[in-house]
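Asks: Below is a structure I'd like to ask you about.
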Amino acid sequence: MYVHNITDIDDKIVNKAQQLGVEESEIANTYAEKYFELLKKLNVIWPTHTPKVSEHIEDIQNTIEQLMNKGYAEINEAGDVVFKLDLIPTYGELSKQNLNELTNISDFCLWKKIQFGKTWDSKWGKGRPGWHTECFTFIDKLCCQKVHIHGGGIDLKFPHHENENAHCRALYNTPLADIWIHIGHLSTPDGKISKSQNKKFLLKDVVDSYSPNLLRLFFLKNSYSTPSLVSYEILDDLNEELNSFLVAINKAISAIYIADNKYDLDSSTEINSEFLSFLENNLNLPSVLTWLQQLKKTLLTSIKNKQISEIKTHLSELKTHLEWLGFQIPNEHAPENLELLTTWKTHIEKQEWKSADEIRDKLIKLKLI
């Protein structure tokens with residue numbers, strides 16, 4: 001099960017809605033629709049659940065009530081319900097910080113008593129839920145108290161994930177997740193990509209200008225947990241590497257078709273154990289890419305030597321692992337291109353070299369041989 005939550009109400013959304021004179025739901029739904037459209041283009045595995053905050057207010061209020069009943073929450077002077085951090089001795093375990101040594105740390109809000117924007121009734125007064133409580137509630141409700149893998153940006157480790165974890169410690173005396181995955185920031189040569197600082201490198205622009213496959217290759221090339229540098233120059237260079245994989249696959253398919261008059265590939269190839277070992281080693285994606293590059297090199301050697309059996313084996317392995325990683329391999333062998341290959345083979349067999357050379361030039365331009 002894969003849960004991807006949608007924060008469809010917060011102060012930023014409320015302020016934007018008031019600025020434009022529309023409902024908060026209109027702002028949230030517009031951005032959510034655009035976001036999910038991009039996920040589809042990127043061939044991302046679709047979440048099992050995409051819960052929205054606005055649809056789980058009662059569940060969130062139940063979480064807050066449980067915390068209050070156990071003595072982990074209280075109402076402060078402003079009328080907000082806050083979490084009593086001093087009751088969690090393990091606070092800081094995720095971000096490797098000692099609660100006693102933390103400065104400027106304060107009890108965080110579970111329910112904000114507020115009057116403007118979208119609000120809900122509660123026994124603590126009209127208001128909105130706190131961000132940390134929203135996210136914990138989704139995990140508690142949909143994943144039965146805790147989750148195996150919890151992901152997010154490195155900037156969320158503290159305080160957001162630490163505060164989510166505190167909920168689970170308070171209610172169940174257990175960590176919220178078995179494995180935490182924190183993603184490093186992207187930056188451009190002139191600084192970190194930041195919406196607040198108007199330093200934008202939009203995903204939509206990259207997808208429209210290049211391809212979803214290119215983004216997958218970019219992330220393979222970089223460790224997920226460290227900062228990564230991105231620019232259009234970097235993507236241009238990487239696009240050549242992506243094309244080298246696709247061209248190798250096209251050449252292999254052509255070689256098989258020319259030899260057998262058909263393209264029949266074993267689809268039962270298993271995932272390589274060395275490949276898996278890299279993924280099991282803290283998602284060592286750069287090593288995965290190196291492994292794929294070596295496999296591509298081996299495939300090209302077998303094409304050069306016209307070793308059809310080896311071509312089939314290496315092609316099947318390369319396609320299987322690329323597709324397993326979410327790459328979409330385009331089919332460049334349309335009927336008209338297959339006919340070109342057949343005609344080229346016929347001219348060669350008849351020693352009609354001039355005609356064969358003309359077709360060969362076309363096939364080279366199409367990157368099929």
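Asks: Output yes when any residue across segment 273-282 is within 15 Å of Leu325 (Cβ to Cβ) and either touching an Asp or Glu at 6+ places or on another chain (Cβ under 7 Å) or in contact (Cβ under 8 Å) with a residue 24 or more places away in the chain (or both), and no when none is.
Replies: Within segment 273-282 (the criterion being within 15 Å of Leu325 (Cβ to Cβ) and either touching an Asp or Glu at 6+ places or on another chain (Cβ under 7 Å) or in contact (Cβ under 8 Å) with a residue 24 or more places away in the chain (or both)), the answer is yes, since at least one residue qualifies.
Asks: Separate question: Determine if segment 133-143 includes at least one residue that is without any contact (Cβ under 8 Å) to a residue 40 or more places away in the chain and either in contact with a Phe, Trp or Tyr (Cβ under 6 Å, 6 or more places away or on another chain) or not hydrophobic (A, V, I, L, M, F, W, C) (or both).
Replies: Among the residues of segment 133-143, not one is without any contact (Cβ under 8 Å) to a residue 40 or more places away in the chain and either in contact with a Phe, Trp or Tyr (Cβ under 6 Å, 6 or more places away or on another chain) or not hydrophobic (A, V, I, L, M, F, W, C) (or both), which makes the answer no.
Asks: If I go through segment 209-238 residue by residue, how many of them are in a helix (DSSP H, G or I), within 27 Å of Asn282 (Cα to Cα) and not hydrophobic (A, V, I, L, M, F, W, C)?
Replies: Within segment 209-238, residues that are in a helix (DSSP H, G or I), within 27 Å of Asn282 (Cα to Cα) and not hydrophobic (A, V, I, L, M, F, W, C) number 5.
Asks: Give segment 30-63 a look and list any residue that's closer than 20 Å to Asp11 by Cα and either in contact with a Phe, Trp or Tyr (Cβ under 6 Å, 6 or more places away or on another chain) or among the basic types (Lys, Arg) (or both), or say none.
Replies: Result: Pro51, Lys52, Ile57.
Asks: Just name the residue that is surrounded by the fewest Cβ atoms within 10 Å (Cβ to Cβ) out of those in segment 1-27 that are among the small types (Gly, Ala, Ser) and farther than 25 Å from Gly152 by Cα.
Replies: Gly21
Asks: Also, quick follow-up: Does Tyr91 count as buried (at least 18 other Cβ atoms within 10 Å of the Cβ) and modelled with pLDDT under 95?
Replies: yes
Asks: Something else now. So for segment 114-124 (the condition being in the same structural domain as Lys16 (by TED's automatic domain parsing), crowded, with 20+ Cβ neighbours inside 10 Å, modelled with pLDDT of 95 or more and not in a loop (DSSP other than H, G, I, E, B)), does at least one residue qualify?
Replies: Checking segment 114-124: not a single residue is in the same structural domain as Lys16 (by TED's automatic domain parsing), crowded, with 20+ Cβ neighbours inside 10 Å, modelled with pLDDT of 95 or more and not in a loop (DSSP other than H, G, I, E, B).
Asks: So the check is Cβ under 6 Å with 6+ separation or different chains; which pairs have a first residue in segment 165-191 that's assigned by TED's automatic domain parsing to the domain that holds His150 and more than 21 Å from Leu215 (Cβ to Cβ) and a second one that's crowded, with 16+ Cβ neighbours inside 10 Å and among the aromatic types (Phe, Trp, Tyr)?
Replies: Once the first residue is assigned by TED's automatic domain parsing to the domain that holds His150 and more than 21 Å from Leu215 (Cβ to Cβ) and sits in segment 165-191, its partners that are crowded, with 16+ Cβ neighbours inside 10 Å and among the aromatic types (Phe, Trp, Tyr) give Ala166/Tyr91; His167/Phe136; Ala170/Tyr72.
Asks: Shifting gears a bit: Given the structure, is Tyr31 more than 29 Å from Lys123 (Cβ to Cβ), aromatic (Phe, Trp, Tyr) and in contact with a helix residue (DSSP H, G or I) (Cβ under 9 Å, 6 or more places away or on another chain)?
Replies: Spelling it out, Tyr31 is indeed more than 29 Å from Lys123 (Cβ to Cβ), aromatic (Phe, Trp, Tyr) and in contact with a helix residue (DSSP H, G or I) (Cβ under 9 Å, 6 or more places away or on another chain).
Asks: Just to be sure I understand, how many residues within segment 144-164 are outside any helix (DSSP H, G or I) and either surrounded by 13 or more Cβ atoms within 10 Å (Cβ to Cβ) or in contact (Cβ under 8 Å) with a residue 24 or more places away in the chain (or both)?
Replies: Counting residues in segment 144-164 that are outside any helix (DSSP H, G or I) and either surrounded by 13 or more Cβ atoms within 10 Å (Cβ to Cβ) or in contact (Cβ under 8 Å) with a residue 24 or more places away in the chain (or both) gives 9.
Asks: Considering only residues that are out of contact with any His (no Cβ under 8 Å at 6 or more places or on another chain) and not in a helix (DSSP H, G or I), which ones fall in segment 239-268?
Replies: The answer is Asn261, Lys262, Asp264, Leu265, Asp266, Ser267, Ser268.
The values are calculated or read from the model by the stated rules, or taken from the named source; none is laboratory data. Computed from a predicted model, the values in this text were never measured in an experiment. All Cβ positions, even for glycine, are placed from backbone atoms using ideal geometry, and neighbour counts span all protein chains on display.
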